[in-house]
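Reviewing the structure listed below.
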């Protein structure tokens, strides 16, 4: 029998996945950090793994589809969504996300939660507005789309299907093609306009479809792929090879022991292709100039086995992430160094066999994964960052030994940040040679990205 002095474990009812998702979205809406930083603590508040999975789906999914939700909701709200009280805006978006994209949740459950949560955060009178908008939205949904796409009425889903509305909710594609695509896939119109000019309609449509999908949980084996997949099989975890990498079908929590034991690390398939471009050999000295959070740094150490890796960053908070990698470096001589954002780098000329610059970029290749990035981006970001990227290459060029390699990579699909930076570097540095190693586009298999190999002259020109 429990003693009289025992206190209840929780003074309030335990939060639900919907409560926590709404709380996270509200915090972000008010400028409170990033989802990837806030979500882990919220997940720990839930005991049931299914509830944790639903929280992740609701939080990331609502944020990922925010632009589409707002475009549709504009037809059912008497007030612009962006001008609503923040709590009302979040409640309506979260409810609408469930109505469109989570078939297993009954409509009444999605609406009831949205109204209840809004009542707690904005008052019962205001919560009535949430009820009215979501009920009107339900009446406006015709059902699953069939036959030819109706681009003014069909709300695309990740599975390739769509939800069809009874009336037009998106701009006319004949007169506003970029605005129509941007609204349907939740992307700023200016981004879509630029991609249409650079890549054409088909490629742009593929990029947009990838941007609404949930990226796979992809592992990089720290030993052999065969050993990793055998360990996954032993634990009953379903996996498949995509783009040469091991992707899990669910089981993100069950894989944590494998990560802790050093069998694998989480790393996207495109990201895994960068370090091999360095063509590392045991005993070499390697510089990772923009190293945090350290995924490619660890991969370089794994490929090197013995030698030296120097990991750098400009942010002291990120330096702490790089320091945390030290126990996983094995026999590699590992150094972490904070560097200044400008000026000469604190290393001897021609002192590295290989230098990696995984440069800060617009993140346009990873919008499905970094869900807030599309709304933080600005039209001039690519040009601004291209100047920073070019400066990084110039600062690092003198550190590469003759016969060594300088690898430049981004997780961007913008030509200005990729081929533009690569070609401008070669134009500035007489005697250097280079080639584009790869360019990938966002897809269900992996992120979009770019890598190029640059090689110094054997002798000074």
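The values are calculated or read from the model by the stated rules, or taken from the named source; none is laboratory data. As the structure is a computational prediction, the values presented were derived from the model and not from experiment. Reconstructed Cβ throughout: ideal geometry from the backbone, glycine too, with neighbour counts over all protein chains shown.
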* Asked: Out of (1) touching a strand residue (DSSP E or B) at 6+ places or on another chain (Cβ under 8 Å); (2) surrounded by fewer than 21 Cβ atoms within 10 Å (Cβ to Cβ), the odd one out for residue 361 is which?
  -> (2)
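Within the group 342, 348, 323, 419, which residue is surrounded by fewer than 16 Cβ atoms within 10 Å (Cβ to Cβ) and closer than 14 Å to residue 454 by Cα? Spell out how you get there, then give the answer.
Working: 342 fails: closer than 14 Å to residue 454 by Cα; 348 fails: closer than 14 Å to residue 454 by Cα; 323 fails: closer than 14 Å to residue 454 by Cα.
Only one candidate qualifies: 419.
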* How do the pairs read when you match residues in the stretch 360-373 that are free of Cβ contacts under 8 Å to residues at least 24 places away in the same chain with residues anywhere that are assigned to a helix (DSSP H, G or I), using Cβ under 9 Å and keeping only pairs 6 or more apart or on different chains? -> 373/364; 373/366
* Hey, any hits in the stretch 126-137 for a residue that's within 30 Å of residue 379 (Cβ to Cβ) and more than 30 Å from the chain's Cα centre (by Cα)? -> no
* In the stretch 225-260, which residue that is more than 27 Å from residue 440 (Cα to Cα) and out of contact with any strand residue (DSSP E or B) (no Cβ under 9 Å at 6 or more places or on another chain) is modelled with the highest pLDDT? -> 230
* Confirm whether residue 202 is touching a residue at least 60 places away in the same chain (Cβ under 8 Å) and not in a loop (DSSP other than H, G, I, E, B). => no
* Structure fact -> The lone condition residue 318 fails out of (1) at pLDDT 95 or above; (2) closer than 26 Å to residue 398 by Cα; (3) buried (at least 17 other Cβ atoms within 10 Å of the Cβ) is (1)
* If we only count helices (runs of 4 or more DSSP H) wholly inside the stretch 327-444, which ones have 1 or more residues that are over 30 Å from residue 248 (Cβ atoms) and at pLDDT 95 or above? -> 381-397, 419-428
* Of the residues 127, 177, 136, which is over 25 Å from residue 55 (Cα atoms), assigned by TED's automatic domain parsing to the domain that holds residue 88 and surrounded by 14 or more Cβ atoms within 10 Å (Cβ to Cβ)? -> 136
* Structure fact -> Note on residue 70: of the conditions (1) closer than 20 Å to residue 168 by Cβ; (2) more than 22 Å from the chain's Cα centre (by Cα); (3) surrounded by fewer than 21 Cβ atoms within 10 Å (Cβ to Cβ), unmet is (2)
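Those residues that are under 25 Å from residue 98 (Cα atoms) and either part of a helix (DSSP H, G or I) or over 23 Å from the mean Cα position of the chain (by Cα) (or both), I need them from the stretch 177-188; list them, please.
First, the residues of the stretch 177-188 that are under 25 Å from residue 98 (Cα atoms): 179-188.
Result: 179, 180, 181, 182, 183, 184, 185.
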* Does residue 258 qualify as being under 26 Å from residue 58 (Cβ atoms) and surrounded by 12 or more Cβ atoms within 10 Å (Cβ to Cβ)? -> no
* To do: Return yes or no: is residue 88 over 20 Å from the mean Cα position of the chain (by Cα), in the same structural domain as residue 130 (by TED's automatic domain parsing) and over 21 Å from residue 142 (Cα atoms)?
  => yes
